[in-house]
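All remarks here apply to the structure that follows.
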Amino acid sequence: MSEPLLSVRDVHAWYGESHILHGMSFDVNPGEVVTLLGRNGAGKTTTMRAIMGMVGNRKGSIKHQGTELIKLKSNHIAREGIAYCPEERGIFASLNVWENLTLPPRVKKDGGLSIERIYELFPNLKERTSSQGTKLSGGEQQMLAIARILRTGARLLLLDEPTEGLAPVIVQQIGSTIRALREQGFTILLVEQNFRFAATVADRHYVVEHGQVIDMIPNASLEANREKLKTYLGV
Amino acid sequence: MIFELLGVPPQALFGQLLLGLINGAFYALLSLGLAVIFGLMNVINFTHGAQYMMGAFASWMLLQYAGIPYWGALVLAPIIIGATGVIIERLMISRLYHLDHLYGLLLTFGLALIIEGLFRQQYGSSGLPYANPIPGGTNLGFMFLPWYRGWVVVFSLVVCLATWFMIEKTKLGSYLRAATERPDLVQAFGINVPRMITLTYGFGVALAALAGVLAAPIYSVNPIMGANLIIVVFAVVVIGGMGSIMGAIITGFALGIIEGLTKVFYPEASNTVIFVIMAIVLMIRPQGLFGTPK
């Protein structure tokens, strides 16, 4: 088997006094869509932020294409070719849609999508370029948040609950976008609470609880593990 | 004519209007620097007045010790004083970001007292003359316009608008505005936000120093010139709205003019009019005329 693109080993992370991650370990292979499933507060978002270098206090090992990231600052981690789409979307109110879309700088020369290609994936954005970013609907903001990390040349995308709070038709649209991105060779780490959605896009699922991975379920055997997963997630 | 109706000679009216515009130009330049710094760093830079004074002293020293004339100082002094700002930010202010705003304010206030004290120790407080680089002027009919004062108003306006353009319309400006909202996320996109903050502070300080260079030929170069001005400038910033770029520019010029007009029509109030406006604005619109409520 090929080297994993991202390899997380025994990562611990703290916010102030509270110890959030208790030895996270998992791998993401090139071209895969992998989800972190788990309840609220399990440490999924913190895992994303730890990979991105946005948690001050972290230890363990996070390797991307063999490069150790644990000691790097987040701007250097981004330059390694990793892009992050936060749960709260992080659309900037003082920037219009075009400025939001073009804000993240190119981190790699090749591999980014062109603006035309991005507009093909998200046609709504094209008509709203001069609108204030936060005047968009929730679904459009989510699309903008994903769209802006596609042109940077980063090939590993961290998407934190992209479907949260969105109407089913928008969720479907985001699902087909993720599948399209996978076909184009992007590697995606996805945080989800909605395993029905996760099942439609992902290759493998890691179940996270109390800041640790407690199980790994390939998407093919998701049906067989349905009851177990329901217990994990409390749904 | 209307001047007779108002009971004011046109010379006096336009003379005070010009003085108001000059003061307004300094208010605008200084409050712009404060707004840029506050907007990105959430630091109320009380050293601003001292840095304005340092700009004036830098141009005086460049002339005195290096023979560099006004036009050279106009470029060099902001760079030199801006560089001292960069050092101050790296060594001191950057250590306070995780604390309450109040600590930044106290630190910069203390620095202002130290800097002003050192300059007063060295140069006294009677003031040093700086020759007018563009002597003369022209009679416009209704008033006499000294060239240098016209230059200060026009140049300040150009610098203010260029700064506004840079922040509101350029790529670099979009980084700055985005980092004002979510510095962590902008950094996670690959931008070195701490360095950008340092350079922004240096830029804000350079604007103060530029105002100081412009002021040197008009007022004498004096260690306490900034301390007198900065209180009024803070009132301007509060009226315009903390962190608003265009607000700082418009309010700066407008309050200079209002102050000038007050000198014509009711001189007794001219020292307090800005503070009265500030009190009214704070009661009616606490976020300032151009500010957005937090």
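The values are calculated or read from the model by the stated rules, or taken from the named source; none is laboratory data. Values in this document were obtained by computation on a predicted structure and should not be read as measured data. Don't worry about glycine lacking a Cβ; one is built from the backbone with ideal geometry, like all the others, and counts go over all protein chains shown. For accessibility, only protein heavy atoms count, side chains too; no ligands or nucleic acids. Shrake-Rupley method; radii C 1.70, N 1.55, O 1.52, S 1.80 Å.
Quick check on the range A:219-235: of everything there that is surrounded by 12 or more Cβ atoms within 10 Å (Cβ to Cβ) and under 20 Å from A:E32 (Cα atoms), which residue is farthest from the chain's Cα centre (by Cα)? Explain how you work it out, then say what you get.
First pass over the range A:219-235, keeping only residues surrounded by 12 or more Cβ atoms within 10 Å (Cβ to Cβ): A:219, A:222, A:225-226, A:228-229, A:232-233.
Remaining after also requiring under 20 Å from A:E32 (Cα atoms): A:219, A:222.
Details: A:N219: 18, A:L222: 21 Å.
Ranking the candidates gives A:L222 first.
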Open item on the list: If I filter the range A:15-25 for residues that are more than 13 Å from chain B (Cβ to nearest Cβ), open to solvent by 50 Å² or more (accessible area, probe 1.4 Å), polar (S, T, N, Q) and touching a residue at least 40 places away in the same chain (Cβ under 8 Å), do I get at least one hit?
Closed with: no
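Name the helices (runs of 4 or more DSSP H) wholly inside the range A:109-201 in which the number of residues that are buried (at least 16 other Cβ atoms within 10 Å of the Cβ), touching a residue at least 24 places away in the same chain (Cβ under 8 Å) and of a type in the set (V, I, T) is 1 or more. So that I can check it myself, show each step before the final result.
On the way: elements: A:115-121, A:123-126, A:138-147, A:168-183, A:195-201.
Per the criteria, A:115-121, A:138-147, A:168-183, A:195-201.
The rows are residues; the columns are (1) open to solvent by 10 Å² or more (accessible area, probe 1.4 Å); (2) aliphatic (A, V, I, L, M); (3) at pLDDT 90 or above.
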| position | (1), (2), (3) |
| --- | --- |
| B:P9 | yes, no, no |
| B:A12 | yes, yes, no |
| B:A28 | no, yes, yes |
| B:Q51 | no, no, yes |
| B:Y65 | yes, no, yes |
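So if I check each of B:L161, B:L172, which one is within 14 Å of another protein chain (Cβ to nearest Cβ) and either open to solvent by less than 50 Å² (accessible area, probe 1.4 Å) or in a helix (DSSP H, G or I) (or both)? Break it down stepwise before answering.
Working: B:L161 fails: within 14 Å of another protein chain (Cβ to nearest Cβ).
Going through B:L161, B:L172 in turn, the sole match is B:L172.
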Task: Residues of the range B:171-214 satisfying the condition of being at pLDDT below 95 and on the phi > 0 side of the Ramachandran plot - done: none
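Yes or no: B:V221 under 22 Å from B:G288 (Cβ atoms) and of a type outside the set (D, E)?
Numbers: under 22 Å from B:G288 (Cβ atoms): no; of a type outside the set (D, E): yes.
So B:V221 does not fit the description; no.
Is at least one residue of the range B:249-256 modelled with pLDDT under 90 and assigned to a helix (DSSP H, G or I)?
Of all residues in the range B:249-256, those modelled with pLDDT under 90 come to none.
Within the range B:249-256, not a single residue is modelled with pLDDT under 90 and assigned to a helix (DSSP H, G or I).
Each row is one residue, and each column tells you yes or no for (1) of a type in the set (K, R); (2) within 19 Å of the chain's Cα centre (by Cα); (3) within 19 Å of B:A209 (Cβ to Cβ); (4) loosely packed, with under 13 Cβ neighbours inside 10 Å.
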residue	(1), (2), (3), (4)
B:P78	no, yes, yes, no
B:I81	no, yes, yes, no
B:V86	no, yes, yes, no
B:L96	no, no, no, no
B:H101	no, no, no, no
B:I114	no, no, yes, yes
B:Q121	no, no, no, yes
B:L145	no, no, no, no
B:M166	no, yes, yes, no
TODO: Could you tell me which numbered condition B:Q16 fails, if it satisfies all but one of (1) open to solvent by 30 Å² or more (accessible area, probe 1.4 Å); (2) touching a Phe, Trp or Tyr at 6+ places or on another chain (Cβ under 8 Å); (3) at pLDDT 85 or above?
DONE: (2)
Open item on the list: Cβ-Cβ under 9 Å, sequence separation 6+ or interchain: first residue in the range A:34-46 and closer than 21 Å to A:L157 by Cα, partner at pLDDT 95 or above and among the aromatic types (F, W, Y). Which pairs?
Closed with: A:V34/A:F26; A:V34/A:Y206; A:T35/A:Y206; A:L36/A:F26; A:L36/A:Y206; A:L37/A:Y206; A:G38/A:Y206
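Which members of the range B:91-117 meet the condition of being acidic (D, E) and in contact (Cβ under 8 Å) with a residue 24 or more places away in the chain? Lay out the reasoning, then the answer.
In the first step, residues of the range B:91-117 are kept if they are acidic (D, E); the result is B:100, B:116.
Once the filter is applied, which keeps residues that are acidic (D, E) and in contact (Cβ under 8 Å) with a residue 24 or more places away in the chain, the range B:91-117 yields only B:E116.
So which of B:I218, B:I197 is assigned to a helix (DSSP H, G or I), open to solvent by less than 50 Å² (accessible area, probe 1.4 Å) and either among the β-branched types (V, I, T) or within 14 Å of chain A (Cβ to nearest Cβ) (or both)?
Numbers: B:I218 fails: assigned to a helix (DSSP H, G or I).
Exactly one residue qualifies, and that residue is B:I197.
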Task: Boolean, B:V205 is among the β-branched types (V, I, T), within 14 Å of chain A (Cβ to nearest Cβ) and crowded, with 24+ Cβ neighbours inside 10 Å - done: no
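What are the residues in the range A:83-99 that are outside any loop (DSSP other than H, G, I, E, B), more than 8 Å from chain B (Cβ to nearest Cβ) and within 19 Å of the chain's Cα centre (by Cα), if any? Steps first, please.
Applying the first criterion (outside any loop (DSSP other than H, G, I, E, B)) to the range A:83-99 yields A:83-85, A:96-99.
From what is left, the residues that are more than 8 Å from chain B (Cβ to nearest Cβ) are A:85, A:96-98.
Residue satisfying the conditions is A:C85 alone.
Can A:R79 be described as open to solvent by 20 Å² or more (accessible area, probe 1.4 Å), facing another protein chain (nearest Cβ under 9 Å) and either touching a helix residue (DSSP H, G or I) at 6+ places or on another chain (Cβ under 8 Å) or among the charged types (D, E, K, R) (or both)? Can you show your working first?
Details: open to solvent by 20 Å² or more (accessible area, probe 1.4 Å): yes; facing another protein chain (nearest Cβ under 9 Å): yes; either touching a helix residue (DSSP H, G or I) at 6+ places or on another chain (Cβ under 8 Å) or among the charged types (D, E, K, R) (or both): yes.
The answer is yes for A:R79.
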Open item on the list: Which numbered condition in (1) outside any loop (DSSP other than H, G, I, E, B); (2) free of Cβ contacts under 8 Å to residues at least 24 places away in the same chain is the only one that B:G141 fails?
Closed with: (1)
